[in-house]
Amino acid sequence: MENRDVKLVEEILSLKRERNAVILAHNYQLGEVQDIADFVGDSLELSQDAAKTKAEVIVFCGVQFMAETASILCPDKVVLLPDIHAGCPMADMITAESLRERKRELPDATVVCYVNSSAEVKAESDVCCTSANAVKVVESLDAEEILFVPDQYLGHYVSTKSDKKISLWPGFCPTHIRIQPQDIIKLKKEYTQAKVVVHPECRPEVIALADEVLSTGGMCRFAPKTEAKEIIVGTEMGIIHRLRKENPGKRFISVSEQAICPTMKLITLESILCSLEEMAPEVKVPEDIRLRAKAAVDKMLN
C-alpha cells in the first residue's frame, strides 16, 4: 500500500471511530475499499449486519438501492453513500409507475421483487428476494402466478426450478450479460480440473455451462469447501479480491475482463473519507415508502 493510501486509511478509521460509524462494502467493490470495511458481503446480508450493530452511521460502499435497503432496515441510523452517482442500471429499468401499470395487466399475479431495485419498487411489491433465495421465496408462495421483477435472467433461472407461471420483467444486469458462453468454453479447455461457478443474473446459456449457480455470498461459502483448486468465476470481477484473500491456496479465474460494474467502482478511499467528513451524501427513504418496502423485505425474511 502506498504512503498516500496508508494516510487515507488512518484518517478514515479515525473519523469512523469519532462518528461511531460502520463501513459496509459489497463484494464487487475495489479491493482497497473491501480491506477497510467492517463487513464485506452481498447487499441484504450487509444491511442485516448493520442493523445488528450499535453504530449510529452506516457508510455503504455499494450502489443506491443497497443504501436504500439499509435505510429501510435501519431507520434510526444515518446512511451514507460515498458517491451519489453509484446507481444500478438494472434497478433503473423499472419504476413504481411502470410496475403499477403491469400489475393492472396481471391482477392475479403476486409480485416478487429482486432486492436489486429501488425502495419505491419494493413498496409496490408483495415480497422481495435475493439471488440466493429467489427459488425458495417463489416456491413458498401460495400464488400460482408470479410477476418477477426486474431481472429477467434471475427470473428465468427461477422458472427452471418451479412449475409456477412466471411472467418476467425485461430488465437485466449490463455487467452479467457481458459474460459469454464462449468465454467459459475456452477457459474450461485451459483449466480442465476447474469448477465453474456463475451468478444467476447470467444468461441461460452461461448458466447451462456452470457446475454451480450461486449468489456472491454463495460463491464465498463454496470456495473453501470445494476440493477444486481452480475455480472459474462468472460474476463481477471485484469478488476475485475477496476469494483470493480468503482462499490463498486456490486459483480463481474471472470468466471475462469485461465483467466490471463501473458504478460499483465509483467509490474510493477518497470518497469514503469525504463522506465521513461531510456526513453526506445521505440516503433516507421516506417513511411511507419505507414501511411498505419493509413489509416486502420482512415477508422474505420470515
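The table that follows gives values for the structure above.
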{"item": "Among the residues listed as ASP42, ASP38, ASP83, the single one being modelled with pLDDT of 95 or more, of a type in the set (Asp, Glu) and either assigned by TED's automatic domain parsing to the domain that holds PHE148 or buried (at least 19 other Cβ atoms within 10 Å of the Cβ) (or both)", "result": "ASP83"}
{"item": "Helices (runs of 4 or more DSSP H) (entirely within the stretch 30-122) containing at least 2 residues that are over 27 Å from HIS176 (Cα atoms) and out of contact with any Gly (no Cβ under 6 Å at 6 or more places or on another chain)", "result": "43-52, 96-105"}
{"item": "Selected residue (only one of ARG251, ARG244 is among the charged types (D, E, K, R), surrounded by fewer than 16 Cβ atoms within 10 Å (Cβ to Cβ) and touching a Lys or Arg at 6+ places or on another chain (Cβ under 7 Å))", "result": "ARG251"}
{"item": "Selected residue [surrounded by 18 or more Cβ atoms within 10 Å (Cβ to Cβ), in contact (Cβ under 8 Å) with a residue 24 or more places away in the chain, within 13 Å of SER131 (Cβ to Cβ) and in contact with an Asp or Glu (Cβ under 9 Å, 6 or more places away or on another chain)] from THR216, THR175", "result": "THR216"}
{"item": "Tally of residues being free of Cβ contacts under 8 Å to residues at least 24 places away in the same chain and polar (S, T, N, Q) across the stretch 265-302", "result": "1"}
{"item": "Residue satisfying all of: in the stretch 92-115; buried (at least 23 other Cβ atoms within 10 Å of the Cβ), in contact (Cβ under 8 Å) with a residue 60 or more places away in the chain and closer than 22 Å to PRO262 by Cβ; nearest to the chain's Cα centre (by Cα) among these", "result": "VAL115"}
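Conditions (1) closer than 27 Å to THR69 by Cβ; (2) at pLDDT 95 or above; (3) among the hydroxyl-bearing types (Ser, Thr, Tyr); (4) part of a loop (DSSP other than H, G, I, E, B), marked per residue:
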position	(1), (2), (3), (4)
VAL197	yes, yes, no, no
GLY218	yes, yes, no, no
ILE253	no, yes, no, no
PRO262	yes, yes, no, yes
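The values are calculated or read from the model by the stated rules, or taken from the named source; none is laboratory data. Quick caveat: nothing in here was measured; it's all calculated off a predicted structure. Don't worry about glycine lacking a Cβ; one is built from the backbone with ideal geometry, like all the others, and counts go over all protein chains shown.
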